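Read through the structure below, which is laid out as structure tokens, and then see the notes.
The values are calculated or read from the model by the stated rules, or taken from the named source; none is laboratory data. Being a predicted model, the structure only gives us computed values, none of them experimental. Here the Cβ positions follow ideal geometry from the backbone for every residue, glycine too, while neighbour counts run over all protein chains shown. Ligands, DNA and RNA are excluded from the accessible area calculation, which covers all protein heavy atoms including side chains. Shrake-Rupley method; radii C 1.70, N 1.55, O 1.52, S 1.80 Å.
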Amino acid sequence: MTTSNAAEELRGWFTGRLPEGWFEGPPEIVLDREEVSVVGRLPEPAAARDAGGSERAGVLSGHVNRFREETRDQRIAIAREAEHRFGHKVSWGVECGGLREMFTTLSVPVMTRLRQPERRVLDTLVDAGVARSRSDALAWCVRLVGKNTDEWLAELRKALEHVERARAAGPSA
């Protein structure tokens, strides 16, 4: 099964499995090699629309925390079903009024080989207090690149979907 087919199946399964009324519209499903992230949009509370600044942030934060606590047991049960069925860990998050909060996420070690100039970049970030370790510094660099190249990465992911479809349509070995 291609990654895009797997993502479509996951999207459909979660859309059908999640309780009615949890989210406005279908959840955002993101799949990688280890993890499925499920992010739903919560309706913005009326109190947040009328509040400003810190009060609004507090209303949104409280609303998100209430949802997190009230749905914890159901989310755990749904995640176990999905993990058994699809073989990926499930992470949860929500979006509400511009606030995006992930409740759970995996932190997966990734091995890489770096030459001295790249290691010096990481060491500079550590020495400057930007990161606690080389590992944190590398994660910081990856987040920075991702943030600044979202459009290009989205285009690349779309091109990869076309490659996967072409491979799937080709002759089987």
For this session: Mind telling me which of R11, R120, R80 comes out most flexible in a GNM of the chain, alpha-carbon contacts under 10 Å?
Result: R120
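Kindly identify segment 58-127 as rounded, prolate or oblate by the Cα gyration tensor criterion: order the square roots of the eigenvalues as a ≥ b ≥ c, call it rounded if a/c is under 1.5, otherwise compare a/b with b/c, prolate if a/b is larger, else oblate. Walk me through the numbers on the way to the answer.
Numbers: a/c = 4.38, a/b = 1.62, b/c = 2.70.
Since a/c reaches 1.5 but b/c is at least a/b, the shape of segment 58-127 is classed as oblate.
Rank these residues by their accessible area, most exposed first, probe 1.4 Å: M111, M102.
Working: M111 160, M102 65 Å².
Largest accessible area first, the list is M111, M102.
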Problem set entry | Karplus (6.51, -1.76, 1.60) ³J(HN,Hα), θ = phi - 60°, over segment 107-117, in Hz, Gly and Pro reported as x | 10, 9, x, 10, 8, 8, 10, 10, 7, 4, x
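Based on the alpha carbons, how large is the Rg to Rh ratio for segment 47-173 when Rh follows Kirkwood?
Rounded to two decimals, Rg/Rh equals 1.07.
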Problem set entry | Amide proton proximity set for W92, modelled H, under 5 Å, gap of 5+ | V38, F103, T104
For this session: Could you check which residue among V90, V145, V38 shows the biggest mean-square fluctuation in a GNM of the chain with a 10 Å Cα cutoff?
Result: V145
For this session: Starting at the first residue of segment 137-142, write each ³J(HN,Hα) from the Karplus equation 6.51 cos²θ - 1.76 cosθ + 1.60 with θ = phi - 60°, in whole Hz, x for Gly and Pro.
Result: 5, 5, 4, 4, 4, 5
Seminar exercise, completed: From DSSP H assignment alone, runs of 4+ in the chain each adding -39500 (n - 2.57), the sum over residues rounded to the nearest 500 puts [θ] at 222 nm at -19500 deg cm²/dmol
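Rounded to the nearest 5, what is the percent of antiparallel bridges among the DSSP beta bridges in the chain?
In the chain, DSSP labels about 55 percent of beta bridges as antiparallel.
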Exercise. Which of these, P27, P117, P45, has the largest mean-square fluctuation under a Gaussian network model of the chain (Cα springs below 10 Å)?
Worked result: P117
Problem set entry | Cα-centred dipole magnitude for segment 77-173, charges only on beta-carbon of K, R (+1) and D, E (-1), debye, nearest 20 | 340
Problem set entry | Mean shadow area of segment 1-110, taken as a quarter of the surface of its Cα convex hull (nm²) | 7.8
Problem set entry | In sequence order, calculated HN-Hα J values of segment 12-25 (Karplus, 6.51, -1.76, 1.60; Hz; x Gly/Pro) | x, 4, 5, 4, x, 8, 5, x, 4, x, 5, 10, 7, x
Exercise. Where does each of T105, T149 land when they are ordered by accessible area, with a 1.4 Å probe and the largest first?
Worked result: T105, T149
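Determine the gain in length on full extension of the stretch W152-R132; use 0.36 nm per residue of separation and subtract their C-alpha separation, reporting nm with one decimal. Before the final figure, lay out each step's value.
On the way: separation 20, 0.36 × 20 = 7.20 nm, distance 2.93 nm.
Residue separation times 0.36 nm, minus the Cα-Cα distance, leaves 4.3 nm.
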